[in-house]
Every structure is written in C-alpha cells, then in structure tokens.
1. Looking at Lys35, Lys29, Lys22 in this structure, which one is over 27 Å from the mean Cα position of the chain (by Cα), in a loop (DSSP other than H, G, I, E, B) and among the basic types (Lys, Arg)?
2. From the set of residues in the stretch 335-360 that are loosely packed, with under 13 Cβ neighbours inside 10 Å and without any contact (Cβ under 8 Å) to a residue 24 or more places away in the chain, which is farthest from Pro306 (Cα to Cα)?
3. Which strands (runs of 3 or more DSSP E) does the stretch 190-301 wholly contain that include 3 or more residues that are in contact with a strand residue (DSSP E or B) (Cβ under 7 Å, 6 or more places away or on another chain), of a type in the set (D, E, K, R) and touching a residue at least 24 places away in the same chain (Cβ under 8 Å)?
4. When both residues are 6+ apart or on different chains and their Cβ atoms are under 7 Å apart, which pairs have a first residue that lies in the stretch 136-152 and is at pLDDT 95 or above, and a second that is part of a helix (DSSP H, G or I) and acidic (Asp, Glu)?
5. Scan (1) surrounded by fewer than 22 Cβ atoms within 10 Å (Cβ to Cβ); (2) closer than 19 Å to Ile194 by Cα for the single condition Val231 breaks and write down its number.
6. Let me confirm something: among Tyr249, Tyr267, which residue is over 30 Å from Lys193 (Cβ atoms) and of a type in the set (Ser, Thr, Tyr)?
7. Can you tell me which residues in the stretch 151-176 are in a strand (DSSP E or B) and under 30 Å from Lys87 (Cα atoms)?
8. Would you mind stating whether Ile312 is buried (at least 22 other Cβ atoms within 10 Å of the Cβ), outside any loop (DSSP other than H, G, I, E, B) and at pLDDT 90 or above?
Amino acid sequence: MKIASEKEREFILNNLNSDTNKLILQSSKEDIDIKFCVTQIIGYNKAKEKFPTLINNKTLIFPPKLNLEQASSEETARYKASLINDKETIRDLTSGFGIDVIFFSEVAHKVYYHEQNIELAKIAEYNFNQLNINNIELIKGNSIDSLKNYEHTDLIYIDPSRRDTNNNKVILIQDSEPNIINILPQLFEKTNKIFLKLSPMLDIKHIITEIMNIKEIHIISVKNECKELLVVLEKDYKGEIEFHCINIYSNQINKFSFFSEPISSKYADKSLLKKDTYLYEPNASIMKAGGYHYISNKYDIYKLSPHSHLFINDNPIENFPGREFIIKGIMPFNNKTIKNLSKRFPKANITIRNFPQTVAQIRKRTNINEGSDEYLFFTTDNQKNMIIIYCNKV
C-alpha cells in the first residue's frame, strides 16, 4: 500500500478542484506519482460527498472509486450504529473500505473487520490508525471460509456484494456474493442477531419470502431518496415483522414505524377533492415499505385512489412523514387542458402517480419547463379519471 509523501499530499490538496482527466495526462514529476495522486483526488471528492466528517483528517488514504461507491454513506452508517449499544461486539464480514466499521466502533465495545481484498484491508487499517480507533480488530481473508474459527459475537453485519464476476450489477439476493440464503444457518451458529444490508431496488415482499427469522426491516432514505434496506434477523424469531421507515435530512431523522397494515385504506370520494384541501405524499421509505393503509388509518386521511398513493384531508397534519401541499385547483387531463397548460404554468415541478405517461413525456407535450414554486400532480382519482392537481407546498 502506498502512502502519500509530503510533496504528494501537498499536490493532492492543491489540486482538489482540478480536472483529473487533464492531470492524469501529465508526466510524473519528481517524487510525485501522478496516477496515485489522481486516485486520491477522486477519492477525496467522493468522500466529501459521502462521508464529509472523515475528510477533516487530511492524512487518510482512499481506494479506487468503485470501492468508495460501494461503501455506506455517513448518514446511513450513523443510523445503523444508533441501533447498537456499547456492550455489544460486532463482526462485519464484508467490511470493504470500512465506513460502517468506523461508525460501529464509535458505539460498540469491539468491532471485527473482515476483508478478503488485502490491499483494501491495508488501506482501512492505515486509516483506522490515523483516526486513532483502538477497538477494531482486522482479519484479512475470506470471512465465510473461516467462519467456523470465529468466536461468538453479539451481532454479525453483512453487506453482500451486488456485482458478479464480470463486475456487472446484480439485484437478487441469491445472485449476491456471498449468497446469504445459503449461509444463514452457519451465521446463526456464531451469533443470535444479524444485520443484513440489501439493495434498495429489492422488492420487500421478495425479501420476506426468501429469508427467514426477520424481526425488523429498516428502509433508509436520505433526502427522500431510498439508499438502503437493513434487514434485522434474530435466531429462531417467528413473530411479526416491524417496519421502520427512515428519512434522514440535514442530520434530522424522521422515523415512522408499524408492524402490520390495517385491512384497507379509506378512499376519498369526489366531494373531498377540492380547492384548499390538503394533499399528502408519503416519503420514499414509506412508499418502499408499502405502508399506505397504515398511513391512511394513522392520520385519518383519505387515499386518492387504490394505486395513486396520494392522500387528502381537510386539515393540516403536524410532522407528517412526507410532503404536504395545499390544493389550489383540479383540472381534467384532456387535450384542451394540455394545450393551454404552459400559458398558466411556464415552469412547474411535475410528479406522476398512477398515470400512463412519464414526466419527460408530459414536459414534451406541454412545453412546461422545470422549476418554480408551482407543483403539478398528474394522477388518477377514485373514479378512474385522469386529473391534474395544482398545488403549493406547505
């Protein structure tokens, strides 16, 4: 593993805003490895975006960009660390660059870092020393092959690789490496609790069908974009699954939890859909969890239609887990409306819910540009009429 010299560190810090494509074409200067420095510049800028507090330490070494892209973000790592306590020992079987390990170490009694990529493990070990972390034990090599040799720990954390041997992305659980479905019995010989990080693209019903002993599913979003699914497994657990819908924004965590959904939502009749009624759109985590019926019953709001996933009510709701709007008008979706829509709304934010056209198709057809404080929802009501709802954000 290469460590930056003083000259290289100075070059890196002086070129953080430079064009790396141009830098890489430069001839290596005396005592400066240009290729290495460019990797560090790219890594620094990626880290600034994903884990900003770590870059306060200017001596850290970054791996290639792909390893950083596969790492958890600081927000999601901090949230996962908040689920453990200071008496627990944790074994991360797929540690990679070590972001989750770093934030686990801030809370846990001890963390075991496992990584089969030796170069990546060396970088992580160097960085842990630079950060003065002393409760991490590094173990290099294939963690699954050596599983039988490990001590029992309170928690095993695993983030299966979602790339195949050709480095192409995979989605299904059984296509990930390692195949968590096959090794669960082995894991439960070494712990009573597992944290399983999965792709946000996975269907939650598929996860529940394929994996046993699920106690909780945390759907973690950052700024209303779903980033991770964290599945909590407990040995021999057979009870009801608790869903935690998390939205992290500016270090604030909005959490909405439920065990199981009521039988059905309450649906809005035509009289409720009118000017000055409040329109509610649940956040991305609730959408992913499919908690529509629970939202409807919890907040006494009415679903616009079975598949629109929008809700209305006469009254404002304090701290609703999602976006809140006030309706200023409802228009039918027809040729006459579309023809004149851009005159009234030259710019608008457009959202589709249960609608047969994409946002791009609508913009092309209406000539409405992005932006402004105007919000247009293209959707379908409970009578299967396609409509446009004009709103202002509350």
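The values are calculated or read from the model by the stated rules, or taken from the named source; none is laboratory data. This structure is a prediction, so every number in the text was calculated from the model and none was measured. Using ideal geometry, Cβ is built from the backbone for each residue, glycine included, and neighbour counts are taken over all protein chains shown.
1. Lys29
2. Lys343
3. In the stretch 190-301, 225-234 are the strands (runs of 3 or more DSSP E) which contain 3 or more residues that are in contact with a strand residue (DSSP E or B) (Cβ under 7 Å, 6 or more places away or on another chain), of a type in the set (D, E, K, R) and touching a residue at least 24 places away in the same chain (Cβ under 8 Å).
4. That search, which allows pairs on different chains as well, returns Leu138/Glu125.
5. Of everything listed in (1) surrounded by fewer than 22 Cβ atoms within 10 Å (Cβ to Cβ); (2) closer than 19 Å to Ile194 by Cα, Val231 misses just condition (1).
6. Sole residue among the options that is over 30 Å from Lys193 (Cβ atoms) and of a type in the set (Ser, Thr, Tyr): Tyr267.
7. Answer for the stretch 151-176, where residues must be in a strand (DSSP E or B) and under 30 Å from Lys87 (Cα atoms): Leu155, Ile156, Tyr157, Ile158, Ser161.
8. no
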